[in-house]
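Here is the structure we will look at.
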Amino acid sequence: MINKQRLISSIICLLNEMFFNNSTLCNKLSNEDISNIFRTAITNSEHHQLIITLIIIIEGTIPSLPLQEYVATLVEHHSNDILKSILGQEKETEVIDILKSTKSDTVQNGQLQLLLNLTHLLASCYAKKCQVAIESAEFYSLEELIMIITDDAIDDYKKLPFIRVLTWQHLVTEKNTSPVCSKLANSESYSFWKVLKKFICAIKNLKETIVSSDEMEKSQLIGFKKSDLSICVLTIVRRDQSVSKDKDFQLLYIVEGVIPLLSAFCQELFLHLYAETKFFGIPENTDICGIVEPLYDELKGFRGLKVHSVLEQMHETGCIENVKKLCNHCFKDSIEAPLSTDEIDAGIPNDECFNAEEENLNKKFQKFVTNYSYAYNESRPNMESNFEELLKIFTDQEYTRKLDELRVNKLVIVLRTLIEKQKELGLHCIERTNLERMTSTTLKLIHALVFKKVREIDDKRNSLKPIEFQRQCKKFVRPLQAILLDKEIDLVPTLFELLRHPNDDITDQILACLDVLLYPGNEEAQRKVMSLGVQSLFICLQKKLKGAQDNLDKAKTGESESRNITVVLDVLVRLCDGQQKDIQNALSGTLTLHGSNIVSQVSFLLLGILEGHAAEILKEADIIIIAQKATKALIEMCTGNHNNQRIAFKCQVIISVNLVLDLDIGSTTSHEAKRFLELKSSSLELLEIMLEEIDEESSKLASWILQQLDVSGLLKGMLQLWKIFKASPPKNHSQNSLFRAYHALRRISDHQGISIDELVIHANQGLANTFDHVFKDDMVEAKKMWEDCRKWSRSVEVVFKPGSDREILTQAYFPCSPNTHLSQQEKDTIILYIKRNTPQEKLSDLLKWTKEIKSNEEQKEMLSKSWKTSFILWFYPTVHFILFWLTIFLNLIVLFGIRSPSAAVTNNNNEACSVVFNGTCNSSSPMHFQPILSPDVPSWYMPVHYTFGSLHLILALWMVIYYFVTNCKNMRRSVYCIQKYLFKISKGVIRRKRLHQFLCKLNLKISADKPKPKEYFQIFFFSFEPLYRILFLIFSGLGLATTGYFYCGCMLYLFLRNHVMFFIIRALKKSAFQLLTVLLLCFICTYIYAVVSFAFLQNYFSEGNDQFCNTLFECFITATRLGLLNTLGLELGIRPSDEYEPNFRLLIVRTVYDLIFFVVVTTLGLNIVVAILVDRFSEMREERDKVTDDNKNRCLVCSIMKDDFERKGQSFDKHINEDHNVWNYIHFILYINNLHENDYNAVEKYVSCQVENGSIDFFPIFKSKSLPEYKNEE
């Protein structure tokens, strides 16, 4: 018959084998599974061994701390019901009785097994991890444990779990161990020192057992690993009293009981003895060294035996070192050196569980930190070594190598190791302080590695264009950030793990690391932070902000305090940078903070700083920095978030803005003035953000802001900024701040439905004229400032969509220099060529033109950065002006300065012709023309010609270089006519296939570009303008080389950019195919007549009259000249010569023949050419009239008709010139392109995204603020 208890025991053993060293399986167990196992184990005596299963599961779970806490909670929960007899408050006597019981008592034996297993379980819950979370689960007092351990009537195997509890609960702990050491050292009645003497006997017995064992048993005992010994616990409670003599138990007793207790006791006792001269009154007859030194000698004997588990435990607990330190301190006698790491490793196989290389790295790092701790604290500035030397160790020259090879990766590994070490053993305060210092230094290193890269570009951020700044970030900062954010390194979760650390210096360094990882609004880092849950981070930030509010005076005077506050504010800025809605909502308490509100904390912090230190703020740099960063944080938290704007307003942020505007920088130094200017600029930016029209309630908020805003102070601040803008640098801050203030006033006036002048006049408590009241002494300057603001300020109406189902028609303001204009040619080109079939197509095409303008502007910007091209670009307007008038001047001196040679020279030429050719200059004579290569000129002509001609050649070269450099992006090397024809037949008609292939090959021979359809602002290299500019340069050079004849070819340059010339060339281009067709038809007709004339009328041609027809080609050339310049019939006689008699029939034939040629070629052909040109000009005029009519009667942006405005009494001209000025929309998009993407406000970011995606949803199609009730009926 099967023994039920044996079967259950075997099944439990099988479970234990399954879970042993199987972390994957252990981690899959839920809390409910653990609870079921525990209840089963304690409710049935046959299942008590399942508690051992829980112990194995705890040891196999990674990380084990949550499970340890949960199991301890379960034990505590049942300590007052099922386990009340052995763990209740009245358990002391009953526990002693159970431990002293014999095996014959079955009930007592079951309770004994349960007691020992539960105590082992509690020891496992206390072991290896920090005990802070399970302090309440203390079931044995120190007195109870000492009583049990020192009772000789209790067997050693029963004492083992209580020794473990004493070690892990009372000695290896973060609590103050002074009372524990005091009781143990003075326990005369309990004779704890005698227990230590018994440990000596136990160690000797184990060594003798190992030596006396046969080879197989000896090999087994020596080869046991420490992790394998826990399985021996399974067999302890199933044996009789002879278990204490069991070899496995003896080894387990030493490894799990004696060594940890001895090491912990010696370490704690040494620390307290070191701190106090007289310690607890240890009995005088106590021979500490006489007890401890033999223990040291006996433990050292395991070195020769090479018992793996013992050496491993001594290495892990530092037992030898702790015993030696205690002996040395008590008697100041040196004893033999402790067992070194190398000696221990010599007895341990290579598959040891710990990583020796990593431990060696940690030790070196710790040593370095210790050596330079003074340098970090800056208490010894004269030290040769400093933080920079430590930073060099972990700095990588390049970040393209594998992650495992990077030093920064090793630094993160060091950080993780330090975190784990702080979790593992219950550390003494000195060791914990050392680990915290190392952790802080490691975080400083990680921060410094990234901050070095950030500092390289952040110092020059204001001088860089947004595009260049982004390039610099991608080049210097992003590679290192990407490595630290990589999944394999994954630094952010490691930082979050330390957020709740009690050491403020560590949390400050964590925030500093997050700050540089998030710089400058790194979206990948922001997503990583959000994915981990921001509640713990925000709790940390909130705690530090609360401390800052409570210690504003300390923040003013203490450098560390101000640094802590600025780090918090920097993190808030980086988190919200780029308008991260989820983070903004969380900061206002709508998602994760359960009512706590960081927005209000920062608002009150700013108000407290400004109210409490208004007088000192211009003297204390730290206060200015804190106020400026708090303002920046509010800007990022409120941008595009109406709820946060309302919270900030309720927290008196407008009062803070007023306080900043009231401050005067007249008595400050230049450096302080720069910081103050940044603060004032940030305050005005905050005011502008608060007035954003991004919600239906924005108008109400603007009204509330107007009630609190000090308009007079704002106007005074504007005048101060305008003077700085006009007089001295830095102009960027003063310029931006000035227009932000003006735009804030414009926004308020728009919300109020009044003009900005009315707002300013009536804003200050009904005064008749606010300007007269505010600017009594500076009225002239104030009016100039106000006029400049008017000229610079522009606005557009934009449809803003804060949500999928909401649309808000808002006004977007932006500064634009009054000297910044599109060229008239660009405007005409856009207006003329823009597609107008539908409002959507019109705006979509406008957006494409705008992108091309933006691309051209970027090209010019890039060229202006090179000193070579910038020099050419900068002076070109002057070059063009000089070249224009110099061309006219040179042609004038040629016109009035050149004369023909004298008569003698001319007669000599004629005589030479007569002499040489006998008076006849026949067809072989080269003297049909008499070129004047060297005309007569005045004496002043040649110096003037060479001087101004050389200048003209230089300027011509400058002009050609400028043209091709600035237009290289839009230059196409294709032939326009071929390109256009290829585009027309690109759909592929079969009968044109071969022709299409031939033309493609021809085009590719000329150009490397593939055929493309028409593009915006494209220029064909083989078109008139680029070719003429090259000819202009050639003509200039030839004109200088000769006497100036070729300067006449340069005169077309005067009309090169002329509107009329542009119109004529455009007409010729559009009619080119028709004109070529007519011309080809004329030549074909002429060719037909030439063939007929050669065949039948060859004798009518007289060479004496220069009418040649000896060959068909001669006949064709003659017929072409005679027919097109005059008429063929008039040039050829009716009769071949006078020798022929008149003939009427011949007259009829010649009449028909000549009239057909006259009508077809001379009359129709040439008149058709004229008609084509006239028709083309008419068509272009109608097209322009149609465009002009559309522009006059319909808004290009919103497509609302002029009549609709007039019916509502609104000015259509004001609408198209101010509200919906199409050029303002182009300038607005260009303005956005010149901003960094993280500096956008809500509307600017929305428009930027729409432009990037090619969407026109932001255009107010059939919408206008001046017609709020308009509905499209088309």
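Laboratory data are not the source of any read-out in this text; all were calculated from the coordinates shown. No experiment lies behind these values; they were computed from the predicted model shown. No Cβ is skipped: glycine too gets one built from the backbone with ideal geometry, and neighbour counts run over all protein chains shown.
Tabulated data for the structure shown
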item: Relative contact order of region 1110-1215, defined on C-alpha pairs under 8 angstrom at six or more residues apart (%); result: 18
item: Derived scalar couplings ³J(HN,Hα) [region 512-524; Karplus, 6.51 cos²θ - 1.76 cosθ + 1.60; whole Hz; x for Gly, Pro]; result: 5, 5, 4, 4, 6, 6, 7, 6, x, x, 4, 5, 4
item: Peptides 854-861, 506-513 ordered by average Cβ neighbours within 10 Å, highest first; result: 506-513, 854-861
item: Nitroxide proxy distance, nm - points 7 Å out along Cα→Cβ at SER870 and PHE1113; result: 6.0
item: Sorted peptide list for 1039-1052, 1065-1078, criterion being average Cβ within 10 angstrom, highest first; result: 1039-1052, 1065-1078
item: 18 Å reach of a label modelled at GLU523, 7 Å along Cα-to-Cβ, counting backbone N of region 1249-1270; result: 1249-1255
item: Contour excess over end-to-end distance, with Cα ends at ASN434 and ILE96 and 0.36 nm allotted per residue; result: 117.5 nm
item: Förster-model FRET efficiency, 60 Å R0, GLU497 and LYS465, C-beta, rounded to 0.05; result: 0.90
item: Gain upon complete extension [ALA1095, LYS225; 0.36 nm per residue less C-alpha separation]; result: 301.2 nm
item: Sites ASP1203 and GLU1025 - FRET efficiency at Förster radius 45 Å, r taken between beta-carbons, to 0.05; result: 0.60
item: Length released on extending from LYS410 to ILE154, taking residue separation times 0.36 nm less the Cα-Cα span; result: 87.1 nm
item: Spin-label model distance (nm) - ILE1148 vs PHE1073, 7 Å beyond Cα toward Cβ; result: 4.5
item: Around PHE814: net Lys/Arg minus Asp/Glu count, Cβ-Cβ under 13 Å; result: 0
item: Förster radius 30 Å - calculated FRET efficiency between SER178 and GLU420 (Cβ-Cβ, nearest 0.05); result: 0.65
item: Ordering of 530-539, 315-324, 1085-1094, 1102-1111 by burial proxy (mean other Cβ atoms within 10 Å per residue, highest first); result: 315-324, 1085-1094, 530-539, 1102-1111
